[in-house]
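The structure under discussion appears below in the form of structure tokens.
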Amino acid sequence: MNAQVAITKDEVSFVQASRVNQALTATVEKQALQWMALRMPRWVSSDQLTVLGLVAQIGAGTGYALSRYNRYALLLVILCVMLNWFGDSMDGTLARVRCQQRPRYGFYVDHIVDVFGAIALMCGLGFSGFAHWQVALAMLIAFLLLSSESYLATYTLSRFELSQGIFGPTEIRILLVMGNLALLRSPYSTVFGHRMLLFDLGGTIAAVCMVGMAIGLTVKHTVQLYREEPLV
């Protein structure tokens, strides 16, 4: 008769994945965030910063929708992108500086918020008229695909890669701000003599790159896991 072993909650320990960020701005950003976190008022909490990040991203999507009627609403998008960076980047740093980490709660909430925020942002961009709906949806699908691969890799490999090469969330925000400034000047771009929407061009390139990275990482991690767990 086989003995049954009961595993209690206390016997199960959560192993936090190591964080890897090799983005172009990673070192400077980390130093800046830690400097601000040490000087943050005590009444400010990580949860408040997470909410700020989500509200700011929804605000950016709203700004894009409003820019259909007034191009200067793009300035609201830029402001919201900056606030989103502050809230999304600072919440985890503040928790670590104050030794108030909640690894499972923090990881889950932070990334489900990113999903809802991305949906709001891309819907706003689709309404703006600065990019066709097909391009906005392609970027959203590509982002969700890449995010899904990242979360699965975090669970199976205990390694959370915040960046791919020199590009991380902060670099993407910087490119988005630059793109919005370009839109204020002209929403169009000319490529090989063909005139097209600037964000159609940038969005298509971004979607293709994200899908390509997702496929490449899937192959890489599948091979790694296959070798680590060979059939007996």
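The values are calculated or read from the model by the stated rules, or taken from the named source; none is laboratory data. Keep in mind that this is a model prediction, so the values were computed, not measured. Side chains are part of the model used for accessible areas, which takes the heavy atoms of the whole protein and leaves out ligands, DNA and RNA. Shrake-Rupley method; radii C 1.70, N 1.55, O 1.52, S 1.80 Å.
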| query | Let a ≥ b ≥ c be the square roots of the eigenvalues of the Cα gyration tensor of segment 31-150; is it rounded (a/c under 1.5), or, if not, prolate (a/b larger than b/c) or oblate? | reply | oblate
| message | If I compute solvent accessible area with a 1.4 Å probe over the protein chains, what percent of it on segment 67-134 is carbon and sulfur? | response | 66 percent
| Residue-normalised accessible area of the chain, given per residue in Å² at a 1.4 Å probe | 64 Å²
| task | Report, in deg cm²/dmol and to the nearest 500, the calculated mean residue ellipticity at 222 nm for the chain, where each DSSP H run with n ≥ 4 adds -39500 (n - 2.57) and the sum is divided by the residue count. | result | -23500 deg cm²/dmol
| field | Projected area averaged over orientations for the chain, convex hull of C-alpha atoms, nm² | value | 17.4 nm²
| query | Of the residues A207, A17, A120, which exhibits the maximal mean-square fluctuation in a Gaussian network model of the chain defined by a 10 Å Cα contact cut-off? | reply | A17
| request: Take the solvent-accessible surface of the protein heavy atoms, probe 1.4 Å, and return the percent of it on segment 152-227 that carbon and sulfur atoms account for. | output: 71 percent
| In terms of modelled amide H atoms, which long-range or inter-chain residues lie less than 5 Å from the amide H of Y188? | L198
| task | Specify whether the C-alpha gyration tensor of segment 54-121 places it in the rounded, prolate or oblate class, a ≥ b ≥ c being the square roots of the eigenvalues: rounded for a/c under 1.5, otherwise prolate if a/b is larger than b/c and oblate if not. | result | oblate
| remark: Which of M139, M82, M40 fluctuates most in a GNM of the chain (C-alpha springs under 10 Å)? That residue is M40
| remark: Across Q31, Q22, Q101, the residue with the highest GNM fluctuation in the chain (Cα network, 10 Å cutoff) is Q31
| note | Contour minus Cα-Cα span, Q22 to F192, at 0.36 nm per residue, comes to 57.8 nm
